[in-house]
Each structure stands twice: as C-alpha cells, then as structure tokens.
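**Q** Dropping the structure in here first, questions after.
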There are 2 protein chains.
Amino acid sequence: MDVFEAVAEPNRRHLLSLLAERDRTAGELVDSLPTLTQPAVSRHLRVLREVGLVEVRPDGQRRIYALKPDGLQRIDDWITPYRRFWRNHLDALQQHLENR
Amino acid sequence: MDVFEAVAEPNRRHLLSLLAERDRTAGELVDSLPTLTQPAVSRHLRVLREVGLVEVRPDGQRRIYALKPDGLQRIDDWITPYRRFWRNHLDALQQHLENR
DNA sequence: ACGCCATATACACTTGTGCTTATATACGCC
DNA sequence: GGCGTATATAAGCACAAGTGTATATGGCGT
C-alpha cells in the first residue's frame, strides 16, 4: 500500500487529523473512532506507519502515535504541477469579472 | 468513489498526467496505457469524470478529455493544514544547519 | 442503408480491503 | 509469579475494485 491509498480511507484521514492536533496514544485514537473496534483502528495505524505517515514511540505499555511530516509531502509534490491549472482558472475568472 | 480514491489508482494518476500536458482523445489515452485494454481505460476515465477530475467534449465520433481544475483543489485544500508540519520541520533543519 | 471506426457498457472473475471475533504479546502492579 | 490493562496479530468473511472478453451504442464515409 502506498501513501495515496493510505489517505484514500476516510477513517485514516480522521486519524491523521487527530494526530495533527497533538500526539495521542493508540487507546485515545480508538476512543476517537467509536464506530470501529480496537483491532480495526490498530490495523489503520499499522498502514499509516508502513507508509511513513505516522511514527510510534513506546511509553510503558502505551504506544504514542505522532504525525510524521515527510509522508504527506510526497502527495504535495505530486499535486504541485497541477496547481497551476486552477490558479490559471481562477485568474481567468477574476479577469472576466473585472472586465465586464 | 471520491476524489481521494480516484487518485489512489496509479493508472488514473498516469491519465491525469497525460491530460496535464494537453487534451487528448480517449483513443490516445488508451494507446498511452498499453498494459490495459480499451474498456479498462474507459472505466478509469468514467471514474475520473464522476469525481469531477476530467471533462469530456465530443468531437465527431471521438471524445476529447480535458483536465478539470476544480477536482484536485479539494485534495489541495485538505493537505493545506498539514503543510505547516513539514514547513516547520524544514525550518528547524535549516536553522540547525545555519547555527552549527 | 451499410459497414467501419471510436467509445462505452455488461458480465463474470479474481484479488484486495476493511471489518469483527478471538487470541497473542507485553508491560505494570500487587 | 499472577493478573489486569494496552496494543497488536490471526483467521474468516463480505464487499468493492480492477480487469478481460464480449457486446452495445453511435457517428462517419461511401
């Protein structure tokens, strides 16, 4: 599984948004997704780990998850060449509005 | 299927990159993905259409596909809040290098 | 009208993903 | 050591995604 497939899953995006606020233990993350069971969340965290989007550090019997900056940058790099398209589009729209 | 799942597929990302260069007919796109059959490419194009990443205009019996700017912007909007993470990370690295 | 070319859809099949239940691992505390 | 807690893995299942073959649709040229 690669980074793109990893973020294609809504629950995983939710986990990322939670970790963007602050680091959290696996247990906290499980509690934050009440529609899923503990093993389901654990598997999602494993995926996020394997694609390098999060990292874990042990804290006694807890595991503290943290966002890893590098992973999403690969998506950002991919999207960069496309960005000019909607930039151009917006510019054209703006000019149209100004000129009428 | 949503935008994230749409771009999670490598062949679809390939199609998008081809359309970023210039508009192309369905046939040209089929020829550009020699590992896939014509119906397979057609299905991928359908997905890209349905999530608003591309648009089609008829040209006789051909269909000309073009990139649609709005679609990818939704992913860009999503990634924006995370961007500061690797910005901060890079800044810290840069400072570290400058101060040594 | 007929046949050809370009594209889309139907159907069947395979594989992968996400899920739940059950179980293993491992740490902390008594 | 034994027990409860925190987390990960295993096994099995349902469903969706991707693909190929076969077929339909529809415009074009003669």
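**Q** Can you go through B:VAL41, B:VAL47 and tell me which one is β-branched (Val, Ile, Thr), near DNA strand C (Cβ under 8 Å from one of its atoms), surrounded by 13 or more Cβ atoms within 10 Å (Cβ to Cβ) and assigned to a helix (DSSP H, G or I)?
**A** That would be B:VAL41, the only listed residue that is β-branched (Val, Ile, Thr), near DNA strand C (Cβ under 8 Å from one of its atoms), surrounded by 13 or more Cβ atoms within 10 Å (Cβ to Cβ) and assigned to a helix (DSSP H, G or I).
**Q** Within the set of pairs 6 or more residues apart or between chains, which connect a residue that is over 19 Å from B:GLU21 (Cα atoms) inside region B:48-67 to a residue that is open to solvent by less than 20 Å² (accessible area, probe 1.4 Å) with Cβ atoms less than 8 Å apart?
**A** B:VAL51/B:VAL3; B:VAL51/B:ALA6; B:VAL51/B:GLY71
**Q** Further question: Looking at region A:8-38, which of its residues are farther than 25 Å from A:ASP76 by Cβ and loosely packed, with under 14 Cβ neighbours inside 10 Å?
**A** A:GLY27, A:ASP31, A:PRO34, A:THR35, A:THR37, A:GLN38, listed by residue number.
**Q** Right, another one. Say we look at region A:63-73 and pick out the residues that are under 12 Å from the mean Cα position of the chain (by Cα) and in a strand (DSSP E or B); which of these is surrounded by the most Cβ atoms within 10 Å (Cβ to Cβ)?
**A** A:LEU67
**Q** Which pairs have Cβ atoms under 8 Å, sit 6 or more apart or on different chains, and link a residue in region A:21-32 that is away from every other protein chain (no Cβ under 14 Å) and farther than 16 Å from A:ASN11 by Cα to one that is open to solvent by 40 Å² or more (accessible area, probe 1.4 Å) and within 13 Å of DNA strand C (Cβ to nearest atom)?
**A** Every condition considered, the pairs that remain are A:THR25/A:ASP59; A:THR25/A:ARG62; A:THR25/A:ARG63.
**Q** Only one of (1) in contact with a Leu (Cβ under 9 Å, 6 or more places away or on another chain); (2) facing another protein chain (nearest Cβ under 10 Å); (3) open to solvent by 100 Å² or more (accessible area, probe 1.4 Å) fails for B:ARG84. Which number is that?
**A** (1)
**Q** Restricting attention to region A:1-47, which residues are within 13 Å of DNA strand D (Cβ to nearest atom), more than 18 Å from A:GLY71 (Cβ to Cβ) and of a type outside the set (S, T, N, Q)?
**A** A:ALA26, A:GLY27, A:GLU28, A:VAL30, A:ASP31, A:LEU33, A:LEU36, A:PRO39, A:ALA40, A:VAL41 - these are the residues of region A:1-47 that are within 13 Å of DNA strand D (Cβ to nearest atom), more than 18 Å from A:GLY71 (Cβ to Cβ) and of a type outside the set (S, T, N, Q).
**Q** A further question on this structure: Assess whether B:ALA20 counts as being in contact with a helix residue (DSSP H, G or I) (Cβ under 7 Å, 6 or more places away or on another chain) and not in a helix (DSSP H, G or I).
**A** no
**Q** Now a separate question. The conditions are (1) within 14 Å of chain A (Cβ to nearest Cβ); (2) open to solvent by 30 Å² or more (accessible area, probe 1.4 Å); (3) without any contact (Cβ under 8 Å) to a residue 12 or more places away in the chain, and B:ASP76 fails exactly one of them. Which is it?
**A** (2)
The values are calculated or read from the model by the stated rules, or taken from the named source; none is laboratory data. Because the structure is a prediction, the values reported are computed rather than measured. No Cβ is skipped: glycine too gets one built from the backbone with ideal geometry, and neighbour counts run over all protein chains shown. When the accessible area is computed, the model is the full protein with side chains, heavy atoms only, and any ligands, DNA or RNA have been set aside. Shrake-Rupley method; radii C 1.70, N 1.55, O 1.52, S 1.80 Å.
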